[in-house]
Amino acid sequence: CNIKGKSSYLVLRLYPVEGHKDEYLGLVQNVTWERQREDTLKKALTMADSANKTKTRFLSNMSHDIRTPLNAIVSLARFAEKDADNKERLLKQIHVIQHSSEHLQQLINDVLDMSRIESGNLTLAEDCFSLNDTIDAIREIIDPLCSAKKQKLIFDYSGVKTVHIK
């Protein structure tokens, strides 16, 4: 219904008049406010549901991302224990353990940043980085895990034109 240029919601209820056949008492009630409130609640529920699904997806992805460097740390610590006599291999494994630990720490910091995002207190900073260095760091973490499973990891970024991101 359109009253004074504004949309309104009206409910018409008809009640039979007792003792008078074919006579009814009509009651019209403006329920615009209730309808608007219901629509607002539906929108809030939809937004909350969407936020919940996003958090669930984020936590699922993050738990997988955390597992990767953690597995590298555990595996390389075992390899280092076995290679204690080979100083060169031992130092290389310690380097990857350190790098994996730093990566794991950054992932955990990212999870903690979720509370800052929700409270509106997150500040983004632009920073330059080398894509090649980033890919090499990822390779250092994943290569030992692949080797342990007798898998081969291949990175092909030959088609990438920009390697220094500004």
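Each value in this text was obtained by applying a stated rule to the coordinates, not by laboratory testing. What you see is a predicted model; the values in this text were computed from it and never measured. Heads up, the Cβs are rebuilt from the backbone with ideal geometry, glycines too, and the neighbour counts pull from every protein chain shown.
The number of residues in the range 116-166 being assigned to a helix (DSSP H, G or I), of a type outside the set (Val, Ile, Thr), in contact with a Leu (Cβ under 8 Å, 6 or more places away or on another chain) and within 25 Å of Gln98 (Cβ to Cβ) comes to 4. Report yes if Leu107 is out of contact with any Gly (no Cβ under 9 Å at 6 or more places or on another chain), closer than 19 Å to Asn61 by Cβ and surrounded by 12 or more Cβ atoms within 10 Å (Cβ to Cβ), otherwise no. Criteria met by Leu107.
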